[in-house]
Amino acid sequence: MALAAATLVVALADVSGWSATTHVRGAGAAVLGPLERLAGRGAAGALDTDDPGVRREQLGHDAAELARSLQEARQLRALLDSPGTSGARFVPARVVAVGSQGSAGPERVTIDVGSRDGVTPELTVVNAEGLVGRVISAGPWTSDVLLVGSADLTVGVRVGSAGTLGSLTGATGSTAGSGARPRPAGQLGLELVQRGAVTVGDGVTTMGSVGGRPFVAGVHVGRVSAVDPAGGRLAATAAVTPSVDVTTLDIVGVLLSAPRATPRAPVEGAAR
């Protein structure tokens, strides 16, 4: 019991440095429930038994649950500190089910937040590494997310420091029909929509949608990993390695975006 209590104190100390505000406390509550339950069991004397086997089993279960909670807390902290959530309001969530599968992994997942949490369809979903996908349906308590890499998901993007416009799809998406090379599993297909150069290593970010739905602007999607030969095409095509591994998704954030409410003031050109 002393060891379990000491471990719990370490766990709480690990997250105390980032749970001072109401916003962060609310986010942390999404993943720290097991810690609270563990503390409650200890106070209630759940391990008060003379059977060594039962004690070992319960302590092992508690240790595994605690390790899981710590891992989720670290993921949430990374999400809070990531560029994709900087200055944004978001609902933290956990992936609780996997839907349809593609050649590179899942194409849809279910998360444990829904309309009662302010989630609606066509919202951007991110994790600490970048773009996860978009919400396609929302029930009261859960929502379904279409993931980056799905053949059904197309993302308008900007490429490189010049911000060249392009369109990103899954490996079996629409770029495959435009003469681009077939993509290996796990790679995305990029097709520029204007003349411009693209090189290996260029960063790819979301272009953004009207009102931030389904995608807010500036979220990291991946990096160019290979550029296709021109082959007579007017616009370049390339392969992109996504920043998010959809096969290991756990803690994500649903960005609560809204249309711009303040009219944009007109400006006057300075040229004479």
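Laboratory data are not the source of any read-out in this text; all were calculated from the coordinates shown. The shown structure was predicted, so the numbers you read here are calculated from the model rather than taken from an experiment. So basically every Cβ, Gly included, is an ideal-geometry build from the backbone, and we count neighbours across all protein chains shown.
From the phi of every residue in region 111-118, what ³J(HN,Hα) in whole Hz does the Karplus formula 6.51 cos²θ - 1.76 cosθ + 1.60 yield, where θ is phi - 60° and glycine or proline is x?
Each residue's phi maps through the Karplus curve to give 10, 8, 9, x, 4, 5, 9, x Hz.
What is the spin-label model distance, in nm, from GLN194 to VAL267 if the labels are put 7 Å beyond Cα along the C-beta direction?
For GLN194 paired with VAL267, the spin-label model returns 1.7 nm.
Once R0 is set to 25 Å, what does the formula 1/(1 + (r/R0)^6) return for the Cβ-Cβ distance between GLU122 and THR241, expressed as a FRET efficiency to the nearest 0.05?
Plugging the Cβ-Cβ distance into 1/(1 + (r/R0)^6) gives 0.45.
With the crude spin-label approximation of a point 7 Å out along Cα→Cβ, what separation in nm comes out for ARG74 versus ASP112?
So the label points at ARG74 and ASP112 sit 2.0 nm apart.
Among 63-71, 247-255, what's the highest-first ranking by average C-beta atoms within 10 angstrom per residue?
247-255, 63-71
Computed FRET efficiency, Cβ-Cβ of ASP152 and ALA63, R0 41 Å: what is it to the nearest 0.05?
0.50
What residues qualify as long-range amide H neighbours of THR164, i.e. H under 5 Å apart, gap of 5 or more or another chain, H built at 1.01 Å from N?
So THR164 has HN proximity to VAL159.
Starting at the first residue of region 74-87, write each ³J(HN,Hα) from the Karplus equation 6.51 cos²θ - 1.76 cosθ + 1.60 with θ = phi - 60°, in whole Hz, x for Gly and Pro.
Whole-Hz 3J(HN,Hα) from phi for region 74-87: 5, 5, 5, 4, 4, 5, 4, 8, 7, x, x, 10, 4, x.
In nm, what is the difference between 0.36 nm times the number of residues separating LEU256 and ALA162 and their Cα-Cα distance?
Gain on extension, LEU256 to ALA162, equals 31.0 nm.
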